[in-house]
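Engineer: Before I ask anything, here is the structure I am working with.
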Amino acid sequence: MIMSNIYKAFELYQALGNIKRKNDTVVGCKKLTSYKLTELQSKSVVELYSKYTKSVSKCFHEFYTEKTGNFYPEYIPDDLYYTKIDTFYNDWLAGSIMDNKCLYDVLFPKAVIKQPETIIKRMNGIYYDAQMQPISVAEVNEILSKQDAVFCKEAEDSSGGDGVRYIDRTGGGVEDTFWNVVKKWKRDVIVQKPLSQCEELASLNGSSINTIRVLSLLSLNGSVKIYSYVLRMGIGGSKVDNACSGGINCGICEDGRLKGIAYNQKGDKFMIHPTSNIKFDEIQIPNFDKVIEKVKILHPFIPHFRLVSWDIAIDEMNEPVLIEANLRYGELDFHQLNNGPVFGKDTKKILDEVFGK
């Protein structure tokens with residue numbers, strides 16, 4: 001019982017820290033938000049959430065309503081999402097071990113979905129080649145010396161584009177830059193070859209791999225339901241598509257066509273891509289139905305994580321490629337900015353399950 005309470009306290013501590021880390025910008029924007037819920041809107045929010053919590057943070061409803069122009073009582077408040085919903089559906093203790101990009105080729109068979117080509121891993125301070133054979137520092141240098149460019153990533157707990165470095169020969173030898181980067185990183189590291197993306201997504205912003213974020217829920221009966229999907233895009237010369245790193249995101253229609261409006265993390269609207277000037281609803285994502293199919297196949301492989309945020313790219317062959325599976329801390333804001341309440345008509349059903357009603 002004592003250990004259980006300690007674990008619950010640890011979960012809450014991590015969740016609260018996550019809200020601060022992932023939502024500082026959003027919460028900061030709320031201080032500048034002049035919109036206030038009407039009396040009727042405020043009453044409808046209280047009526048929905050009073051069954052589950054003594055008080056609800058209405059500032060999140062005000063933020064989403066002001067930025068989108070649409071009010072829904074079913075918006076999930078960010079604090080409730082991270083401290084209650086995410087911790088209910090996902091085993092955070094297991095996630096501290098399994099949420100590691102170095103394990104993807106073990107967790108997710110390449111026969112099911114493509115993954116970027118890995119050339120080096122560092123796990124617990126030991127370097128491995130692509131076949132998971134231990135290698136020396138000299139062998140690391142030899143492998144890297146043959147590469148024109150690589151993506152070097154912290155394999156654990158990297159988020160918002162933090163912990164991701166693109167290394168090419170413009171600054172000298174790839175191996176020299178690699179050591180300058182990884183000497184600052186104490187955790188596991190994965191090094192992969194750059195991916196070539198499909199023509200449609202490259203046209204928006206060619207410097208970044210623009211990924212589809214898919215939020216899926218694994219039910220206790222083993223079925224997988226997709227609740228939301230958005231396209232994440234870099235801008236300018238950015239190599240990453242994360243909103244935290246200045247990227248923007250746009251909702252996707254069921255047929256794979258982008259919606260007409262994109263948002264940044266502050267909730268600012270974009271009618272065209274600021275770099276390419278392309279209208280978002282002119283873009284049709286190739287094989288979007290296959291992306292959804294792959295997520296539904298993959299999710300049951302990780303039953304201890306029932307609410308997962310997947311990042312899927314589309315390569316030059318128009319095939320889905322798994323970039324990342326966020327087993328904890330999946331973003332909420334851009335789903336609700338682009339697509340409305342993240343759980344839609346299932347909101348009460350989700351809240352009942354989480355709060356044991």
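Engineer: Check segment 139-151 and report whether any residue there is over 22 Å from residue 325 (Cα atoms), of a type in the set (D, E, K, R), in a helix (DSSP H, G or I) and modelled with pLDDT of 95 or more.
Structural biologist: yes
Engineer: Here is a further query. Residues in segment 313-335 that are within 30 Å of residue 61 (Cβ to Cβ) and in contact with an Asp or Glu (Cβ under 9 Å, 6 or more places away or on another chain): how many?
Structural biologist: Of the residues in that region, 9 qualify.
Engineer: For segment 91-132, name all the residues that are touching a His at 6+ places or on another chain (Cβ under 6 Å) and either open to solvent by 40 Å² or more (accessible area, probe 1.4 Å) or assigned to a loop (DSSP other than H, G, I, E, B) (or both).
Structural biologist: Residue satisfying the conditions is 91 alone.
Engineer: If only one of 322, 351 is open to solvent by less than 30 Å² (accessible area, probe 1.4 Å), in a strand (DSSP E or B) and not acidic (Asp, Glu), which one is it?
Structural biologist: 322
Engineer: Moving to a separate point now. Could you grab me the full set of residues in segment 303-319 that are within 21 Å of residue 222 (Cβ to Cβ) and open to solvent by less than 10 Å² (accessible area, probe 1.4 Å)?
Structural biologist: Selection gives 305, 307, 308, 309, 310.
Engineer: So, one more: Just to be sure I understand, how many residues within segment 253-267 are under 25 Å from residue 63 (Cα atoms) and open to solvent by 70 Å² or more (accessible area, probe 1.4 Å)?
Structural biologist: Here the count works out to 1.
Engineer: Is there a residue in segment 266-284 that is among the charged types (D, E, K, R) and out of contact with any strand residue (DSSP E or B) (no Cβ under 9 Å at 6 or more places or on another chain)?
Structural biologist: yes
Engineer: Can I ask one more? Against the condition closer than 18 Å to residue 352 by Cα and either β-branched (Val, Ile, Thr) or modelled with pLDDT under 90 (or both), how does residue 106 come out, does it pass?
Structural biologist: It is false that residue 106 is closer than 18 Å to residue 352 by Cα and either β-branched (Val, Ile, Thr) or modelled with pLDDT under 90 (or both).
Engineer: Checking residue 344 against (1) touching a strand residue (DSSP E or B) at 6+ places or on another chain (Cβ under 6 Å); (2) open to solvent by 20 Å² or more (accessible area, probe 1.4 Å); (3) among the small types (Gly, Ala, Ser), which single condition isn't satisfied?
Structural biologist: The single condition residue 344 does not satisfy is (1).
Engineer: Confirm whether residue 182 is crowded, with 21+ Cβ neighbours inside 10 Å and at pLDDT below 95.
Structural biologist: For residue 182, the condition - crowded, with 21+ Cβ neighbours inside 10 Å and at pLDDT below 95 - is not met.
Engineer: Also: Do we find that residue 246 is touching a helix residue (DSSP H, G or I) at 6+ places or on another chain (Cβ under 7 Å) and under 18 Å from residue 275 (Cα atoms) in this structure?
Structural biologist: Criteria not met by residue 246.
Engineer: Let me ask something else. Do you know which residues across segment 186-218 are more than 22 Å from residue 231 (Cα to Cα) and without any contact (Cβ under 8 Å) to a residue 12 or more places away in the chain?
Structural biologist: 186 - this is the single residue of segment 186-218 that is more than 22 Å from residue 231 (Cα to Cα) and without any contact (Cβ under 8 Å) to a residue 12 or more places away in the chain.
Engineer: Moving to a separate point now. So the check is Cβ under 9 Å with 6+ separation or different chains; which pairs have a first residue in segment 161-185 that's under 16 Å from residue 122 (Cα atoms) and touching a residue at least 40 places away in the same chain (Cβ under 8 Å) and a second one that's of a type outside the set (Phe, Trp, Tyr) and part of a helix (DSSP H, G or I)?
Structural biologist: Hits for this filter: 164/245.
Engineer: Looking only at segment 64-90, which residues are among the acidic types (Asp, Glu) and open to solvent by 30 Å² or more (accessible area, probe 1.4 Å)?
Structural biologist: Within segment 64-90, 66, 74, 79 qualify.
Engineer: Name the pairs: first residue in segment 273-293 and of a type in the set (Gly, Ala, Ser), second residue open to solvent by 10 Å² or more (accessible area, probe 1.4 Å) and modelled with pLDDT of 95 or more, Cβ to Cβ under 9 Å, at least 6 apart or on different chains?
Structural biologist: So the pair list comes out as 276/203.
Engineer: Still on this model: For segment 206-226, give me each residue that is assigned to a strand (DSSP E or B) and open to solvent by less than 40 Å² (accessible area, probe 1.4 Å).
Structural biologist: 211, 212, 213, 214, 215, 216, 217, 218, 224, 226
The values are calculated or read from the model by the stated rules, or taken from the named source; none is laboratory data. Please read all numbers here as calculations on a predicted model, not as lab measurements. Counting neighbours? That spans all protein chains shown, and the Cβs are built from the backbone with ideal geometry, glycine included. Quick note on the areas: whole protein, heavy atoms, side chains included, nothing else; ligands and nucleic acids left out. Shrake-Rupley method; radii C 1.70, N 1.55, O 1.52, S 1.80 Å.
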